[in-house]
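The values are calculated or read from the model by the stated rules, or taken from the named source; none is laboratory data. Note that this is a predicted model, so its numbers are computed, not measured. As a convention, Cβ positions derive from the backbone with ideal geometry for all residues, glycine included, and neighbour counts pool all protein chains shown.
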Ligand code: A2P
């Protein structure tokens with residue numbers, strides 16, 4: 001066989017590879033990216049999947065293993081593409097590399113969506129609260145673009161607490177795009193966005209509203225600002241996604257209001273999930 005007849009060296013394809021279609025950096029700690037969606041992937045808005053990159057080959061065996069982490073899907077279930085919102089950790093095994101992806105690059109996506117931040121885990125109610133810190137806004141970016149959210153509730157409130165004002169940009173853009181989205185208005189009905197209340201706060205950098213959301217609940221500021229009496233198990237449902245501290249503190253606060261934690265198998269009044277860090 002001469003050289004021209006030799007088969008081309010196969011290009012190593014990643015297992016479960018998807019192609020990056022868009023990348024947007026917000027700060028030196030945060031970025032968003034979109035990927036192609038596997039035709040077979042079905043998920044419920046609010047769920048997460050494992051995504052990642054191939055690690056370096058083991059010097060002894062020469063074999064490389066994927067580095068995977070749980071990422072909430074930030075796009076809604078009806079979207080043709082997938083969106084993710086990620087932290088950048090300079091020495092993080094995955095995000096130190098993931099932050100450099102460009103459109104056209106490949107990422108690994110294990111198509112097995114799971115999670116508790118789904119409508120199925122809540123009993124019917126009138127008002128739905130989304131409490132997020134940092135990248136914990138991601139599952140709510142999905143649910144806020146999901147028609148069922150507005151069909152099932154009279155009012156939807158997103159609170160987002162970040163350290164700095166620049167870290168609110170993803171949420172600000174999201175809310176603006178939802179309010180101006182003609183497709184969503186057609187899908188859900190004109191005026192659906194009137195049900196949506198956005199309550200951003202910062203803790204370390206000046207902004208119009210400062211303080212941890214937990215403090216603002218406990219001192220009554222949040223309810224006074226929104227003209228709401230409080231949270232009650234008869235009318236209110238809540239989803240929480242953020243740091244371990246936020247999740248623990250809000251669990252206690254919500255249970256203090258009489259809400260019980262729900263699950264897919266046993267829906268109740270609130271659900272919690274940890275946002276991916278590292
Ligand atoms: P703080 O600046 O007071 O720590 P991080 O970037 O560390 O994930 O934090 C994101 C945001 O979540 C920060 O504004 C942080 O406030 C806030 N936060 C951290 N822990 C809690 C908590 N237990 N309750 C409410 N907010 C919290």
Conditions: (1) away from the ligand (no atom under 13 Å from the Cβ); (2) at pLDDT below 95; (3) in a loop (DSSP other than H, G, I, E, B). Residue 185 meets all but one. Number of the miss? (3)
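So that you can scan it fast, the table gives a plain yes or no per residue for (1) in contact with a helix residue (DSSP H, G or I) (Cβ under 8 Å, 6 or more places away or on another chain); (2) modelled with pLDDT under 95:
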site: 55; (1), (2): no, yes
site: 61; (1), (2): no, yes
site: 65; (1), (2): no, yes
site: 72; (1), (2): yes, no
site: 80; (1), (2): no, no
site: 84; (1), (2): yes, no
site: 101; (1), (2): no, no
site: 107; (1), (2): yes, no
Give me the pairs, please: first residue somewhere in the range 180-201 and in contact (Cβ under 8 Å) with a residue 60 or more places away in the chain, second residue anywhere and within 16 Å of the ligand (Cβ to nearest atom), beta-carbon distance under 6 Å, and either six or more positions apart or on two chains. none
Strands (runs of 3 or more DSSP E) contained in the range 63-181 and holding at least 3 residues away from the ligand (no atom under 15 Å from the Cβ) and in contact with a strand residue (DSSP E or B) (Cβ under 7 Å, 6 or more places away or on another chain): 66-72, 81-87, 106-114, 155-162
Starting from residues that are farther than 20 Å from residue 167 by Cα and within 22 Å of the chain's Cα centre (by Cα), keep the ones in the range 206-252 and report whichever is nearest to the ligand (Cβ to nearest atom). 249
Could you check how many residues of the range 1-33 are in a loop (DSSP other than H, G, I, E, B) and either at pLDDT below 55 or under 18 Å from the mean Cα position of the chain (by Cα) (or both)? 10
